[in-house]
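First the structure, in the form of structure tokens, and then the observations on it.
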Amino acid sequence: MTFNFTTLAATAVLTIGIASAAGAQTIRVAHVDPDDWTASKKGAAAHVFKNVVEGETDLTVELFPAGALGNEDELVGQAQEGLTQVVLVSGAMSKICPAAGVLDIPYTFSSATIAWDVLDGDFGDALAEHCLEQTGLRTLAYGETGFRNFTNNTREIRNPEDMAGLKFRVQPIPLYVEMVKGLGGEPTPIAWTELPNALSTGVVDGQENPVGVIYNNGLHKLQEFMTLDGHVYAADFILISDEFFQSLSPAEQQVVEKAARIAGTMGRAIQQWGTAEGVNKVQEEGMQVYSPTSEEIAAFAEKAQPAVIEYLRGELGDDAAWIDRLQEAVSSAQ
């Protein structure tokens, strides 16, 4: 979409001026998901955040869902520039804080509850502090985009050997390319908007996404098989401009932090519900769904992790220590 930063900046300055004159402040909250709180994790989180903040302070919260202010990369840029105060993002975080990319190491989290324990504990706090220093954005809380799973149109995938010779669409992110290579598949980076056509025409045999994304976008109608391997757990980051956060009173800061924690929990709940409902619906509509055993998941991890970790250590440099810190935190949580 075309995005006019000059116009937005002028609007933001005007808004802040009016708010200051009235003795109140406005928090602009933006994300790229649908606004429907009953089905959208970020949509639900944003509405909960607004309700809590407005219910307990004199602050006003304005919501900008569905990419109204741009894509995730644009949203984090606006937050860093102070044009938008709060943003809910997932994949864009590792682009501005590379250490966050360790969360995408495949087969790191055996369950959502393990991921929650790690992110809501000492590791998540330390990562948030590190990213604050790197970006000027404070992580108020973690939400959930969910576990990513493989689908394809050729055969059921029960082990890495079943991946051989299959072309999988992946995000144009090197980590995902390395993961599919390690598993024996053929990674093909393709933009999200081109995915349905690539599946329909056979440019690729399969793809990988959370169950809710697969169902809500009709990808199950283009694919016959899904394997619930949960190779990557994707977290949502609820971020606030630290400069704006510091301008709030201590009482307002407490409410904003509490609201974000409740919002993150609501986003997780909606995502969990969407996953359970999505699995049932794709099966009802004819998709074959397979849940690997713990031994089969271990075989996937053995193939996928080394290539990805090697790539990350090279990319992160001194920040590669976050790989070991994450592994230690997961071990403790388990």
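The values are calculated or read from the model by the stated rules, or taken from the named source; none is laboratory data. Being a predicted model, the structure only gives us computed values, none of them experimental. Every residue, glycine among them, receives a Cβ derived from its backbone with ideal geometry; neighbour counts consider all protein chains shown. For the accessible areas, the whole protein counts, side chains as well, though only heavy atoms, and no ligand, DNA or RNA atoms are used. Shrake-Rupley method; radii C 1.70, N 1.55, O 1.52, S 1.80 Å.
Here GLY55 clears all of (1) of a type in the set (Gly, Ala, Ser); (2) under 25 Å from GLU252 (Cβ atoms); (3) open to solvent by 50 Å² or more (accessible area, probe 1.4 Å); (4) within 16 Å of the chain's Cα centre (by Cα) except the condition numbered (4). Of the residues making up the range 95-116, not one is buried (at least 17 other Cβ atoms within 10 Å of the Cβ) and under 17 Å from VAL32 (Cα atoms).
Tallying residues that are out of contact with any Leu (no Cβ under 8 Å at 6 or more places or on another chain), modelled with pLDDT of 95 or more and crowded, with 20+ Cβ neighbours inside 10 Å within the range 75-92 yields 1.
Within the range 190-202, at least one residue is in contact with a Lys or Arg (Cβ under 7 Å, 6 or more places away or on another chain), open to solvent by less than 10 Å² (accessible area, probe 1.4 Å) and either more than 25 Å from VAL308 (Cα to Cα) or modelled with pLDDT of 95 or more (or both).
One residue stands out among those in the range 227-251 that are more than 14 Å from the chain's Cα centre (by Cα) and among the hydroxyl-bearing types (Ser, Thr, Tyr): the one that is farthest from LEU137 (Cα to Cα), which is THR227. Can you tell me which residue in the range 167-186 is least open to solvent (accessible area, probe 1.4 Å), limited to those that are part of a strand (DSSP E or B) and either over 28 Å from GLN272 (Cα atoms) or aromatic (Phe, Trp, Tyr) (or both)? Per the criteria, the residue is PHE168.
Please verify whether ARG169 is closer than 18 Å to VAL89 by Cα and among the basic types (Lys, Arg), treating the condition exactly as stated. So ARG169 fails the test.
Look through the range 264-305, keep the residues that are of a type in the set (A, V, I, L, M) and loosely packed, with under 14 Cβ neighbours inside 10 Å, and return whichever of them is nearest to ARG158 (Cα to Cα).
From the range 264-305, those of a type in the set (A, V, I, L, M) are 266, 269-270, 276, 279, 282, 287, 289, 297-299, 301, 304; that's our starting set.
Checking the rest, the ones that are also loosely packed, with under 14 Cβ neighbours inside 10 Å come to 276, 298.
Details: ALA276: 20, ALA298: 12 Å.
So the residue we want is ALA298.
The set of residues from the range 145-166 being touching a strand residue (DSSP E or B) at 6+ places or on another chain (Cβ under 7 Å), crowded, with 20+ Cβ neighbours inside 10 Å and modelled with pLDDT of 95 or more comprises PHE147, ARG148, ASN149, PHE150, THR151, ASN152, ILE157, LEU166.
For residues in the range 129-161 being in contact with a Lys or Arg (Cβ under 6 Å, 6 or more places away or on another chain) and in a helix (DSSP H, G or I), which is nearest to ASP73 (Cα to Cα)? Across the range 129-161, the extreme among qualifying residues is LEU132.
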